[in-house]
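The structure appears right after this line, and notes come after that.
Bear in mind these aren't lab numbers, they're just calculated from the coordinates by the rules spelled out. Since this is a predicted model, take the numbers as computed values, not measurements. Glycine gets a Cβ as well: all are built from the backbone with ideal geometry, and neighbour counts include every protein chain shown.
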Amino acid sequence: MNITSTRNNFGAGEIILNTFQNEKLVVLNGKFSFSNKSEAFAAASVLEVYVPELSIPKSGMSGAYIMFETEGKFYGTTVKTWLKNSKTVCIEKLDYWPEQTDEYTIYLLSLYVPKGQRGVFECGTETKLTLNNTTSQNNYGYYKTCYVDDNWCLIGLMTGRYNSEVNPFDDVVELSGFPDDVDVELPFVGDNVNSVQVYGCDMLQATIRNAVLTVKNIQFGWGGMPRDHFLYAVCVRNK
């Protein structure tokens, strides 16, 4: 189900979020960009997105991503996010790169649970992922995790350096065992140990559609070594 923001406090335009929610949790998926040079962004201490009534009154901390483009490459990091109340989604404000960019992009692939919840949170059914037909020599099977609920799912993948005879290239990976009713944009997060400039983490743009992961515009040796690279997302199923 899509919901549309009523307004925000940092100068962004209309924000549309895909959501699943019940009395135990809220999952929000969405991507939106905004200027980091606006008066509204400068005045905000926390980024607030105002939405129609959500199913829980307030939440504990969750996570999101911030990304920006400079010199033809993408960089960013993770940020905190939480539900201040049933009509306010809060996102940690970061402005570490005002000299490198005029625009930030936020990715919400986030699960929120009620603040002060007691007991064990049920994360759905653990599902075995099989990764097929990757177009690079990359080993996505280095680490993988997947949990599937009737209405949402969680995926985590970790991998090493990309290798391909084509440069740049898009890597396409079939996710056997992953629901085919997920449609999200997300960052693939790397490491900049070999980069001259340090602007947070290296990032790539990626999508998951019809149980196919596409990682876009990969340069040879992207992300450096020896550290590993990852994606992690909680996704709404569009049933």
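Figures for the structure shown
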quantity	calculated
Contact order normalised by residue count of the chain, Cα under 8 Å, 6+ apart, percent	19
Longest segment of the chain lacking chymotrypsin sites (Phe, Trp or Tyr not before Pro) that sit in a DSSP loop with at most 15 other Cβ atoms within 10 Å	122-219
Under 5 Å, built H, 5+ apart or other chain: amide partners of Asn9	Glu48
Hydrodynamic radius (Kirkwood) for the stretch 1-100, which is based on Cα pairs only, to one decimal in Å	14.3
Computed magnitude of the charge dipole of the chain (debye, nearest 20; Cβ of K, R +1, Cβ of D, E -1)	680
5 angstrom amide H check on Gly63, placed H, neighbours 5+ away	Thr81, Leu111
Order of Ser110, Ser86 under a 10 Å beta carbon neighbour criterion, fewest first	Ser86, Ser110
Ratio Rg/Rh [Cα only; Rh per Kirkwood] for the chain	0.96
Derived scalar couplings ³J(HN,Hα) [the stretch 186-191; Karplus, 6.51 cos²θ - 1.76 cosθ + 1.60; whole Hz; x for Gly, Pro]	7, x, 9, 9, x, 10
FRET efficiency, Ala43 to Thr207 (Cβ-Cβ, R0 41 Å, nearest 0.05)	0.75
Derived scalar couplings ³J(HN,Hα) [the stretch 11-28; Karplus, 6.51 cos²θ - 1.76 cosθ + 1.60; whole Hz; x for Gly, Pro]	x, 7, x, 4, 10, 10, 10, 8, 9, 10, 8, 8, 6, 9, 6, 10, 10, 10
Under-5 Å amide H pairs with Ala44, H placed in peptide plane, nonlocal only	none
Net charge of neighbours whose Cβ lies under 14 Å from the Cβ of Thr81, counting Lys and Arg as +1 and Asp and Glu as -1	+4
In the stretch 4-61, GluC sites (Glu not before Pro) in a DSSP loop with at most 13 other beta-carbon atoms within 10 Å	Glu14, Glu23, Glu53
